[in-house]
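Bear in mind that the values in this text are calculations on the coordinates, not laboratory data. Source: prediction; values computed, not measured. So basically every Cβ, Gly included, is an ideal-geometry build from the backbone, and we count neighbours across all protein chains shown.
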Amino acid sequence: MEELMQNLKHQIVEQLNLQQVKAEEICNEQNLFGPDGLGLDSIDALELIVLMQQKYGLKLANPADGQKIFQSVKTIAEYITQNQPK
Amino acid sequence: MKQVRVMRYAAIRNNQLISDNPTMVFSGSNADRFLEEAYGFLQLIYPKFYKMDSLCKTALLASGALLAQTDLLKKYAPAEVGITLSTRHSSLDTDLKYAESMKTASSPSLFVYTLPNVAAGEISIRHGLQGETCCFIEDFFNAKLHTDYVDQLLALGAVKCCLSGWVDFFENKAEAFFYLAEYSDSENYPLHQSSILDTKYQSIWKS
Amino acid sequence: MEIFIAGKGIITSIGNNVTEILDSLKKYKTGVGEITILPTGYAGKLPAAEVKYTNQQLSEISGLDISHSRTTFLSLLAARQAIADAAIPKFDSYKTGFISANTVGGMDKTENIFKEYLADSATLKLTETAYHDSGASTEVVAEVLGIKHHITTISTACSSSANAIMYGARLIKSRQLDIAVCGGTDSFSRFTLNGFHSLMILDSEPCKPYDENRKGLNLGEGAAYIVLVSERVAATLASQPLTKLSGYENANDAFHQTASSPEGKGNYLAMSGALRSSGLKPEDISYINLHGTGTSNNDLSEGVAIEQIFGTHIPPVSSTKPFTGHTLGACAAVEAVFSILCLEKGIILPHLRFTTKMKELNFEPCTKFLENQDVKHVMSNSFGFGGNCSSLIFSKARA
């Protein structure tokens, strides 16, 4: 789980081209969206959906599902752990 | 006499930010770093900057230099300030990157920038402008198209002030030539005429 | 000065000319269906509204050689009809402009060049791709049509061709032109299909705009042009124009790159500004042709803004995108032709596939093809990415 979260942080920074953010500085439970978090927006959420599909083979059919799953690095990791094809 | 005049201008060329505002002049070190260096210099607070494509970055920087120290929205309502852009390569730089992404998974954040008028949209968002926006595809900076179009917007009262000009980005070359046009009776400002704009543009392009 | 509509031309998935299209509208016949022309892995999975001609066929019909892009073929076919329909005596003696809107340019051609470009960008000359840019189509078509005085291309996303029509009207008002052929063209391409798919706003079934259960839009393709003329030119026509462009406004939502503000600020500014410029009151509008794409966001923002302006007295409204799909840069011109048809024929167009009213709104679209209506003024909305919002108002020439 911890390793997955560290990987995710690097993948998020790369995929979303977050030039002002260092992967190491993202906390596991930090909000990814909204002004009090990393400030990601709806386009970033779509980009995260691409990431989930490319790196983890997980397909989110409904972008609204992303709101819950993409709350924080931890919630993403949990979703991956629960849903990744074994 | 109140006539349409060019109140100020700002340009980007050869990794330089050029402006009639002496505090808004900046030289970058090279093409790869220019846009971000200029962003730092202008201190434009716009979190989206790093996510925008280079055409939008170029447009946003030129608009930042042009509108620095002006308080347009004290003078005008948001819907009274328009934007008229022209470009040659349009969003081609991003079109190519997006097309590359199509090979694996089409990138939504690239696709968003495959329209040139999104540059006008970014300027509108950053500066809170809601007037008419238009974006022309032209082979070169066509001063007459701009003066005719903007004069008409102002004459008909569609807008009271217009950010107008050229923006282009391709093969790592950022170019912009923006000016602000409005009615003024001050002879300190040049008239909004295509020959005057052309001369100004040429002098910057040769510098 | 009044701006009259002397002619119109159109090609979309529901017909290759005005007569065929009117017939499809009357028969509730949609153009949205399985993708059969564009080579794409999404065929059979995502519906779209294609013009059912191959590029080879379009080349033959238009008389342009096959090296041109699909966008150019469609543009020429529609613009040629518009000019023939206008039948302006001594056309060549006037100052005429061609203002064409476009968002994808020759992307269908460019797509095929991309591979080479990316493999070897040093050797492939930029001019080869530049030929396929948004402006190329305009220039080729203007040349074939013999239009010389003013040629320009506008690219402001889905409201592009509304901006083209507004610009043409202003050029006539300021006497720079006597005649302006204005509209737009866009062809269906993998570029836009994959892009809209990545934004997750495509419905995998035929779209249901303004429906509580709407799931997104369907892409379409086509081209449409209208011939705007000055009073002086209108007076020389054998049959007097029945319609005029009476108002227009463009505004920027200044909210987000692709999404509309929840309160539809830009939509409100465009519609209210168009009313102001036409000197009409909301109650004067007989019908609104909605932007109505079918995305959750667009329909809600547009609907909220309509309620803000029209209150409880909302005229019949419908979106024609369930027929044509979203034709992007062409849509405002396609829907301008529809609006003009409503005025000419006294009809109101049906909104297909509507079943459940949106819970946030107090109105629902008109689902019937209505004839013998007293249609005096029609508002047509077109709102695009980049926050670009336009509304046009067309009116009977003699109200």
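What the table shows:
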item: In region C:220-303, the GluC sites (Glu not before Pro) that fall in loop regions by DSSP, at most 15 other Cβ within 10 Å; result: C:Glu263
item: Environment charge at B:Ser107 (Cβ cut-off 13 Å; Lys +1, Arg +1, Asp -1, Glu -1); result: -3
item: For region A:7-86, size of Cβ-based charge dipole, Lys and Arg +1, Asp and Glu -1, in debye; result: 360
item: Gyration tensor (Cα) of region C:335-376, equivalent ellipsoid semi-axes in angstrom; result: 23, 10, 10
item: Approximate spin-label separation C:Asp65-B:Lys74, in nm, with each point projected 7 Å along Cα-to-Cβ; result: 6.2
item: Volume per residue that the Cα convex hull of region B:39-143 spans, once the total is divided by residue count, Å³; result: 111
item: Inter-chain Cβ neighbour average for residues C:269-275, partner chain, 10 Å; result: 2
item: Computed log₁₀ I(q)/I(0) - Debye formula, equal Cα scatterers, no solvent, region C:142-255, q 0.15, 0.17, 0.24 Å⁻¹; result: -0.85, -0.98, -1.41
item: Environment charge at A:Ile12 (Cβ cut-off 11 Å; Lys +1, Arg +1, Asp -1, Glu -1); result: -1
item: Simple spin-label estimate for A:Gln84 and A:Gln6 in nanometres, 7 Å along Cα-Cβ; result: 1.5
item: Normalised convex hull volume, region A:1-42, alpha-carbon set, Å³ per residue; result: 74
item: Lys/Arg +1, Asp/Glu -1 at C-beta; region A:2-83 dipole; positive extreme among A:Gln11, A:Gly34, A:Gly66; result: A:Gly66
item: Alpha carbon centroid spacing (whole Å) that separates region C:329-364 from region C:151-188; result: 22
item: Net dipole in debye of the protein assembly as shown [+1 Lys, Arg Cβ; -1 Asp, Glu Cβ; about Cα centre; nearest 20]; result: 1100
item: Relative contact order for region C:246-396, counting Cα pairs under 8 Å that sit 6 or more residues apart, in percent; result: 35
item: For B:Asp20, net neighbour charge (Lys/Arg +1, Asp/Glu -1) across residues whose Cβ lies under 12 Å away; result: +2
item: Dipole magnitude (debye, nearest 20) for chain B, charges at Cβ of Lys, Arg, Asp, Glu; result: 320
item: Peptide C:96-103 - average C-beta neighbours from other chains (10 Å radius); result: 1
item: Anisotropy class of region A:2-83 from Cα gyration tensor, a/c 1.5 cut; result: rounded
item: Approximate spin-label separation C:Lys45-C:Lys148, in nm, with each point projected 7 Å along Cα-to-Cβ; result: 5.1
item: Contour minus Cα-Cα distance for B:Asp198 and B:Asp32 (0.36 nm per residue); result: 56.9 nm
item: Dimensions (Å) - the protein assembly as shown, Cα atoms, principal axes, largest first; result: 78, 63, 54
item: Chain C, relative contact order [Cα under 8 Å, separation at least 6], %; result: 23
item: GNM result for chain B, Cα springs below 10 Å: residue of B:Gly128, B:Gly165, B:Gly40 fluctuating most strongly; result: B:Gly40
item: Over 30 Å (Cα to Cα) - which of B:Lys51/C:Lys8; A:Lys59/C:Lys208; A:Lys59/C:Lys368; B:Lys144/C:Lys281; B:Lys74/C:Lys396; C:Lys244/C:Lys321 fall in this group; result: B:Lys51/C:Lys8; A:Lys59/C:Lys368; B:Lys144/C:Lys281; B:Lys74/C:Lys396
item: Prolate/oblate/rounded call for region C:310-399, Cα gyration tensor, a/c under 1.5 rounded; result: rounded
item: Cα centroid separation - region B:57-71 against region B:11-56, whole Å; result: 9
item: Theoretical gain in end-to-end length, A:Cys27 to A:Gln53 [0.36 nm per residue, Cα-Cα removed]; result: 7.0 nm
item: Average beta carbon contacts from partner chains per residue of C:253-261, 10 Å cutoff; result: 6
item: Pairwise FRET efficiency - C:Thr36 versus C:Asn213, Cβ, R0 = 30 Å, nearest 0.05; result: 0.65
item: Loop sites in region A:28-86: GluC sites (Glu not before Pro), DSSP, at most 15 other Cβ within 10 Å; result: A:Glu29
item: Given A:Lys9/B:Lys103; C:Lys148/C:Lys173; B:Lys206/C:Lys173; C:Lys90/C:Lys148; C:Lys27/C:Lys376, the pairs whose alpha carbons are separated by over 26 Å; result: B:Lys206/C:Lys173
item: Debye log10 I(q)/I(0) for chain C, one point scatterer per Cα, at q = 0.09, 0.10, 0.11, 0.15 Å⁻¹; result: -0.47, -0.58, -0.71, -1.37
item: Zone residues, region B:122-156, relative to C:Glu263, backbone N less than 18 Å from point 7 Å out along Cα-to-Cβ; result: B:125-131
item: Estimated 222 nm signal from helices in the protein assembly as shown, with DSSP H stretches of n ≥ 4 weighted -39500 (n - 2.57), rounded to 500; result: -11500 deg cm²/dmol
item: Shape call, region C:275-354: gyration tensor on alpha carbons, a/c limit 1.5; result: oblate
item: Trypsin sites (Lys or Arg not before Pro), loop per DSSP, at most 15 other Cβ atoms within 10 Å - longest free stretch of chain B; result: B:104-207
